[in-house]
Amino acid sequence: MKTLSRRTFAGVVTAGVLLTTGGCSMFSGTQVLEPAQLSDGVSTDLGEVHAGALVVVGDKGQPGVLTGALTNDGAQPVSVTIAAEGLTTPTQVQVPAGSLIRLGAQGADAVVVIPSLAVAAGAMTNVQLSSPAAGQVQVQVPVLSRDLPYYATVTPPSGATGAPTTVPGVTESPSATDTQEPTTSPS
């Protein structure tokens with residue numbers, strides 16, 4: 001009879017341990033219910049426009065390049081104004097309906113150059129996005145060094161003075177102190 005009670009006791013203990021450890025996941029939040037930042041950059045929504053993977057590449061006292069993407073899920077084009085810490089004049093980017101505009105260096109749809117970064121690589125800097133219909137949103141964007149192999153080619157255009165380089169469909173507001181005209185790349 002002792003053997004039966006030991007087996008019963010062992011079974012009850014095993015069942016209790018399994019129920020206890022299995023129940024832990026029942027009380028924790030499901031990851032898919034909360035937005036996750038799955039890249040080096042940060043993401044945010046501005047009405048119908050989604051800004052994704054925003055990163056500034058550069059270092060303190062040097063020019064920085066804002067990288068990422070703007071996606072317009074709406075049926076109308078949206079004009080997004082980008083203002084960053086150290087950028088004297090905000091940049092306007094026209095995002096056509098149902099389209100994606102890549103922000104970055106050469107080969108991107110729009111290049112936003114911050115003439116002189118106020119923070120060192122590894123820190124965060126303020127970037128403000130706004131549109132007439134959605135208002136404004138401010139995000140803290142990481143500043144990453146060009147010393148990282150993935151960002152080694154993200155450099156401002158030669159002779160960049162803070163005026164963005166764009167392709168057709170993207171407009172900008174160059175600073176009054178800029179003497180160089182923005183260049184346009186063929187699509």
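List of remarks:
- Inspection of segment 123-130 identifies no residue that is in a strand (DSSP E or B), free of Cβ contacts under 8 Å to residues at least 24 places away in the same chain and surrounded by fewer than 14 Cβ atoms within 10 Å (Cβ to Cβ).
- Flag if Ala120 is farther than 19 Å from Thr71 by Cβ and either modelled with pLDDT of 95 or more or charged (D, E, K, R) (or both): yes
- Residue satisfying all of: in segment 57-75; outside any strand (DSSP E or B) and over 12 Å from Pro115 (Cβ atoms); most open to solvent (accessible area, probe 1.4 Å) among these: Asp73
- Residue within segment 76-98 that is open to solvent by 50 Å² or more (accessible area, probe 1.4 Å), of a type in the set (A, V, I, L, M, F, W, C) and touching a strand residue (DSSP E or B) at 6+ places or on another chain (Cβ under 9 Å) present: no
- Residues of segment 99-117 that are outside any strand (DSSP E or B) and at pLDDT 95 or above: Ser99 alone.
- Test: Ala36 is small (Gly, Ala, Ser), under 16 Å from Gln140 (Cα atoms), surrounded by fewer than 11 Cβ atoms within 10 Å (Cβ to Cβ) and at pLDDT below 95: yes
- Unmet criterion (only one of (1) under 19 Å from Glu48 (Cα atoms); (2) in contact with a strand residue (DSSP E or B) (Cβ under 7 Å, 6 or more places away or on another chain)) for Gly135: (2)
- Test result for Ser175, farther than 15 Å from Thr67 by Cα, modelled with pLDDT of 90 or more and open to solvent by less than 30 Å² (accessible area, probe 1.4 Å): no
- Residue count for segment 76-93 under the criterion of being of a type in the set (S, T, N, Q) and modelled with pLDDT of 95 or more: the result is 3.
The values are calculated or read from the model by the stated rules, or taken from the named source; none is laboratory data. Predicted, not measured: the structure shown is a model, and the values here were computed from it. Positions of Cβ are backbone-derived with ideal geometry, glycine not excepted, and every protein chain shown enters the neighbour counts. Only protein heavy atoms, including side chains, enter the accessible area calculation; ligands, DNA and RNA are left aside. Shrake-Rupley method; radii C 1.70, N 1.55, O 1.52, S 1.80 Å.
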